[in-house]
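Single-structure report; data block below.
The values are calculated or read from the model by the stated rules, or taken from the named source; none is laboratory data. A quick note: this is a predicted structure, and the numbers were derived from the prediction, not measured. For neighbour counting, all protein chains shown are included, and Cβ atoms are generated from backbone atoms with ideal geometry for every residue, glycine included. We work out accessible area using only protein heavy atoms, side chains counted, and drop any ligands, DNA or RNA first. Shrake-Rupley method; radii C 1.70, N 1.55, O 1.52, S 1.80 Å.
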Amino acid sequence: MNFLQTNKKDKLYFIETWGCQMNEEDSEKLSGMLISMGYSSCENRNDADIIIFNTCCVRENAELKVHGNLGQLKGLKKSKKDLIIAVCGCMMQQKGIPQEISKKYPFVDIIFGTHNLHKFPEYLNRVLMNDERILEIEAGSDEIIEGLTIDRKSSLKAFVTIMYGCDNFCTYCIVPQVRGREKSRKSEDIINEIRELAKDGYKEITLLGQNVNSYGKGLEEDIDFPKLLKKVNEVDGIERIRYMTSHPKDFSDDLIEVMKNCDKVCSQLHLPVQSGSNRILRVMNRHYKKEEYLDKIKKIKSLIPDLAITTDIIVGFPGETEEDFEETLDLVREVRYDSAFMFLYSNRKFTGADMMPNQIPDEVKHKRFNRLVETVNQICAEINKTYEGKIVKVLVEGNSKNDETKLSGRTDNGKLVNFIGDKNSIGKIVDVKITNPKSFSLEGEQI
Ligand code: 5AD
Ligand code: SF4
């Protein structure tokens, strides 16, 4: 797609992204648009001519960060009159929030949402030419905008969104309201994008969706997620395929079979459980019982060796008793997750849980949270310990962040490995012997 060139070769942009991989990918699209318009990125927002905040609203914390950061821009805008400030992302899709942001921070020039992200170049041109303020939010539509230029952060690993939105309405979650109903991209568009990525040297693809298991619903072609995975597996040049997120209620035997049989699909499963208590799962509207979840885990573990399992857990959902929480701890001990994203329940307006009685006091939530973190971390360290002396295949991504003399990459099942090795291996899959497993990463030597 072509955008108006603004002849601003020397102009710089800075994008701050909060939230999930979907937001990361949206920011890469914004970045692609800005580069097409002649802008370059910069590391420090004080140097930028355009600052974009791509926001998240899944938890209150994320929103507070946006407010804090916007407050800090007031002075910068005063000293730099031509600075353009834009705010976009999920938070802007919430009722009343864009108006609130516009009023509270009158120095913000452009406010737009997730459904009209592709119109950003038009908004920017309008601001540059007419000096107007823009606040435009669109409701979700069935249309999917294809062909946007994406300026990806990595040249080795790429996120590819396969579907947008969510139809599940878990009672704690605001995503269905801000990202809209589920809609899937045509498999042809997805495969073409992945073929292009392979041609550009990308080795690893992560297929993204709020609930990838419902991929294909509403499309005219005969396709579902397992079939799509098979097609991606056939793309030459791609060596590793990951995906997230799966909903346990839709996680099928077909998918397990495809994971087992497709050599490029990694031995990694992110299966958010949220709680180990059937009572809480029911009020969360999750549509599965703990026993069903555990059965699926048992089955996939028995069929896929070296499988790493990760999850999301919410602590302190309204009405969660000590017994409910103990059940979550028991489930964690039974599954033995390789790692977990753990969250304090955060009350979100307009969700099913917002008005629920028995909201849990912060102090109780924090205490339970700390116990959960301790349990998860201990298991994670124990699992990592079993890697001592093992030889693992690592896709080498670059220098280690903490120690420039070492290289860094991930195993097939997603473990971070920092190791002594040959710098020419960057971009390749190499064998590494693990010499020192740590709690959250592995250390080793290339062999
Ligand atoms: N409070 C806490 N955590 C939440 N999540 C989603 N909504 C909330 C909320 N209101 C978590 C869930 C989800 C992950 C992406 O964020 O665990 O899987
Ligand atoms: Fe939110 Fe549930 Fe949809 Fe995930 S499946 S995005 S938690 S509503």
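The table that follows gives values for the structure above.
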{"item": "Segment 391-446 shape via C-alpha gyration tensor axes, a/c threshold 1.5", "result": "rounded"}
{"item": "Dipole of the chain [Lys/Arg +1, Asp/Glu -1 at C-beta], most positive-end residue of Leu416, His366, Thr321", "result": "His366"}
{"item": "Simple spin-label estimate for Lys299 and Asn347 in nanometres, 7 Å along Cα-Cβ", "result": "3.9"}
{"item": "Beta bridges per DSSP with both ends in the chain, % antiparallel, nearest 5", "result": "35"}
{"item": "Pairwise centroid distance, computed over Cα atoms, of segment 169-201 with segment 319-349, Å", "result": "28"}
{"item": "The chain: calculated mean residue ellipticity at 222 nm from DSSP helix runs of at least 4, using -39500 (n - 2.57)", "result": "-10500 deg cm²/dmol"}
{"item": "Cross-link pairs Lys153/Lys289; Lys290/Lys438; Lys29/Lys65; Lys29/Lys385; Lys299/Lys423; Lys217/Lys438 - those with Cα-Cα distance over 32 Å", "result": "Lys153/Lys289; Lys29/Lys385; Lys299/Lys423; Lys217/Lys438"}
{"item": "Anchor Lys186: aspartates and glutamates whose Cα lies under 12 Å away (excluding residues fewer than 8 positions away in-chain)", "result": "Glu143, Glu146, Glu220, Glu221, Asp222, Asp224"}
{"item": "With every protein chain in place, segment 12-136: carbon and sulfur % of accessible area (1.4 Å)", "result": "47"}
{"item": "Most positive-pole-ward Cα, Ile84, Ile426, Gly165, against dipole of the chain from beta carbon charges", "result": "Ile84"}
{"item": "Over segment 288-430, volume per residue of the alpha carbon convex hull, in Å³", "result": "158"}
{"item": "Cα-based shape type of segment 54-117, given that a ≥ b ≥ c are square roots of the gyration tensor eigenvalues and the cut on a/c is 1.5", "result": "prolate"}
{"item": "25 °C / 0.890 mPa s Stokes-Einstein diffusion coefficient of segment 12-136, Kirkwood radius on C-alpha pairs, µm²/s", "result": "171"}
{"item": "Alpha carbon Rg of the chain, scaled by the compact-globule rule 2.2 N^0.38 Å", "result": "1.01"}
{"item": "D_trans [Stokes-Einstein, Kirkwood Rh over alpha-carbon pairs] for segment 157-385, 20 °C, 1.002 mPa s, µm² s⁻¹", "result": "115"}
{"item": "Relative contact order of segment 391-446, defined on C-alpha pairs under 8 angstrom at six or more residues apart (%)", "result": "35"}
{"item": "Neighbourhood net charge (9 Å Cβ-Cβ; Lys/Arg +1, Asp/Glu -1) for Asn413", "result": "-1"}
{"item": "Mean Cα-pair separation over length for the chain, i.e. relative contact order, pairs under 8 Å, 6 or more apart, %", "result": "10"}
{"item": "Estimated translational D of segment 212-266 in µm²/s (Stokes, Kirkwood radius over Cα pairs; 10 °C; 1.306 mPa s)", "result": "136"}
{"item": "Proportion of all alpha-carbon pairs of segment 316-376 beyond 20 Å (%)", "result": "29"}
